[in-house]
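A.B. asks: Sharing a structure with you now.
The values are calculated or read from the model by the stated rules, or taken from the named source; none is laboratory data. Keep in mind that what you see is a predicted model, and the values were worked out from it rather than measured. Note that each Cβ is placed from the backbone with ideal geometry, even for glycine, and that neighbours are counted across all protein chains shown.
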Amino acid sequence: MKSVVCNQPHELSLHNVDKPSPQAGEVLVKIRAIGVCGTDIHAYKGQQPYFSYPRVLGHELSGVIAQVGENTQSKVGQSVYIIPYVSCGECFACQSGKPNCCSNIEVIGVHRDGGMCEYIAVPESAIVVTDDLSFTDMALIECLAVGAHASRRAKINNQDTVLVLGAGPIGLGTAQFAQAAGARVFISEVCPDKIKFCVENYTFDAVLNGRDDLNGQLKQLTQGQYPNIIIDCTGNVHAMESAFYNLAHGGTIVFVSIVKNKISFEDPEFHKRETTLMGSRNATKEDFEYVVECIRKGLVKPRSFVTHTGQFDQITELLPKWAQSDSGVVKAVIEVN
Ligand SMILES: [Zn+2]
Ligand SMILES: [Zn+2]
């Protein structure tokens, strides 16, 4: 089968390798769609923490069961999406119902080889059979689940005013879940193309230019109260640090995106607000199920942020183009026939 390997930063190559055979408890999935994530782009560029090379990228995956190992219940031919997080089940996080931040977590396509290939063998527990969504929609569930998890962490409800920092796929997903929860939702972005995309395709309460006076804009929009939930989906130090100064008193900050750097804040600003600061990592099975429910109800539209698509054989040419900062890509999906 064909497989695309990221040998080192900025170097992808297409290989012919043996098709894996599923071990006991595993199923073999024929990949049908691959969402290209910020993680893949950062890994390609050598900017991803927790990453080693060579690696087959790709963790936003859907496909069809092609073969089943012993001790499995699944059937050949079923359509599935993959939950790419393999947790240990034994650490404190796993034992507390938080396998998404398992201390031994292995993410398919990050810590172990992923799905930019024709077939992948995965534990049966990592697949969810779903027969009423397209392969493209199913490949976008993971990306949306990250936003669903962040919005669940913040316990968003219809009394909240939420500011989402960053209008990339994670930010757009997060903002849609905040909207689905009934909150007033602002989104802030610095890239003019993304601001335009956001205004044209979504109905958030305000789309703010993060390069302008963000504090002043928020003050005006909220009559001086400021958003009580700020969710960072930029992984940008300045954006993350701005959250400490633009938050309502009693409010909550959630950091979804990760930055390979230190962030700092003035303790009096943090303290006077009695700020709650939380990280949000990956997502749980409940988040994935919630995303599917929201897609079925039309509350989130997975394809609304897909700006680019390509075929499997083109990955080695397309990924470097999509990784350029002026590519105009909000979200790209690879289709595999
Ligand atoms: Zn992803
Ligand atoms: Zn664990």
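A.B. asks: Would a scan of segment 44-60 turn up a residue that is within 16 Å of ligand 2 (Cβ to nearest atom) and surrounded by fewer than 22 Cβ atoms within 10 Å (Cβ to Cβ)?
C.D. replies: Just the residues of segment 44-60 that are within 16 Å of ligand 2 (Cβ to nearest atom), to begin with: 50.
Pick out the ones that are also surrounded by fewer than 22 Cβ atoms within 10 Å (Cβ to Cβ) and you get 50.
Within segment 44-60, one or more residues are within 16 Å of ligand 2 (Cβ to nearest atom) and surrounded by fewer than 22 Cβ atoms within 10 Å (Cβ to Cβ).
A.B. asks: Taking only segment 145-160 into account, find how many residues are within 10 Å of ligand 1 (Cβ to nearest atom) and closer than 12 Å to residue 233 by Cβ.
C.D. replies: Going through segment 145-160, the residues within 10 Å of ligand 1 (Cβ to nearest atom) turn out to be 145-146.
Then drop every residue that is not closer than 12 Å to residue 233 by Cβ, which leaves 146.
So the count comes out to 1.
A.B. asks: Let me ask something else. Can you name the helices (runs of 4 or more DSSP H) wholly within segment 140-206 that have at least 1 residues being over 17 Å from the mean Cα position of the chain (by Cα) and closer than 14 Å to residue 283 by Cα? Spell out the reasoning first.
C.D. replies: Values: elements: 141-153, 169-180, 192-201.
So the answer is none; nothing clears 1.
A.B. asks: Look through 265, 244, 255 and report the one residue that is aromatic (Phe, Trp, Tyr), in contact (Cβ under 8 Å) with a residue 12 or more places away in the chain and surrounded by fewer than 18 Cβ atoms within 10 Å (Cβ to Cβ).
C.D. replies: Numbers: 244 fails: surrounded by fewer than 18 Cβ atoms within 10 Å (Cβ to Cβ); 255 fails: surrounded by fewer than 18 Cβ atoms within 10 Å (Cβ to Cβ).
Answer to the check: 265.
A.B. asks: Hey, another quick one. Mind listing whichever residues of segment 210-265 are aliphatic (A, V, I, L, M), in a loop (DSSP other than H, G, I, E, B) and out of contact with any Phe, Trp or Tyr (no Cβ under 7 Å at 6 or more places or on another chain)? Step through it out loud before you land on a result.
C.D. replies: Just the residues of segment 210-265 that are aliphatic (A, V, I, L, M), to begin with: 214, 218, 221, 229-231, 237, 239-240, 243, 247-248, 253-254, 256, 258-259, 263.
Next, from what is left, pick out any that are in a loop (DSSP other than H, G, I, E, B): 243, 247-248, 256, 258-259, 263.
Of everything in segment 210-265, those that are aliphatic (A, V, I, L, M), in a loop (DSSP other than H, G, I, E, B) and out of contact with any Phe, Trp or Tyr (no Cβ under 7 Å at 6 or more places or on another chain) turn out to be 243, 256, 258, 259, 263.
A.B. asks: Here are some conditions: (1) in contact with a Gly (Cβ under 7 Å, 6 or more places away or on another chain); (2) not in a loop (DSSP other than H, G, I, E, B). Residue 274 meets all but one. Which one does it not meet?
C.D. replies: Status for residue 274: all satisfied but (2).
A.B. asks: Restricting attention to segment 79-112, and to residues there that are among the aromatic types (Phe, Trp, Tyr) and under 23 Å from residue 66 (Cα atoms), which single residue is farthest from ligand 2 (Cβ to nearest atom)? Talk me through it step by step, then tell me what you get.
C.D. replies: Within segment 79-112, the first condition is being among the aromatic types (Phe, Trp, Tyr), and the residues that meet it are 81, 85, 92.
Next, from what is left, pick out any that are under 23 Å from residue 66 (Cα atoms): 81, 85.
Values: 81: 22, 85: 10 Å.
Taking the candidates together, the pick is 81.
A.B. asks: So which residues in segment 113-136 are part of a helix (DSSP H, G or I) and either more than 16 Å from ligand 2 (Cβ to nearest atom) or surrounded by fewer than 18 Cβ atoms within 10 Å (Cβ to Cβ) (or both)? Talk me through it step by step, then tell me what you get.
C.D. replies: Applying the first criterion (part of a helix (DSSP H, G or I)) to segment 113-136 yields 124-126, 135-136.
Matches in segment 113-136: 124, 125, 135, 136.
A.B. asks: What are the pairs, 6+ residues apart or on separate chains, where a residue within segment 218-239 that is closer than 18 Å to residue 275 by Cα and in the same structural domain as residue 189 (by TED's automatic domain parsing) has its Cβ under 6 Å from a residue that is assigned to a loop (DSSP other than H, G, I, E, B) and charged (D, E, K, R)?
C.D. replies: Here the result reads 228/160; 229/160, each pair linking segment 218-239 to a residue that is assigned to a loop (DSSP other than H, G, I, E, B) and charged (D, E, K, R).
A.B. asks: State whether the residues of segment 300-307 include one that is of a type in the set (S, T, N, Q), at negative phi and surrounded by 15 or more Cβ atoms within 10 Å (Cβ to Cβ). Walk me through how you get there before you give the answer.
C.D. replies: Quick first cut of segment 300-307, residues of a type in the set (S, T, N, Q) only: 304, 307.
From the residues that got through so far, the ones that are at negative phi too are 304, 307.
With surrounded by 15 or more Cβ atoms within 10 Å (Cβ to Cβ) added as a condition, the list becomes 304, 307.
Taking every residue of segment 300-307 in turn, at least one turns out to be of a type in the set (S, T, N, Q), at negative phi and surrounded by 15 or more Cβ atoms within 10 Å (Cβ to Cβ).
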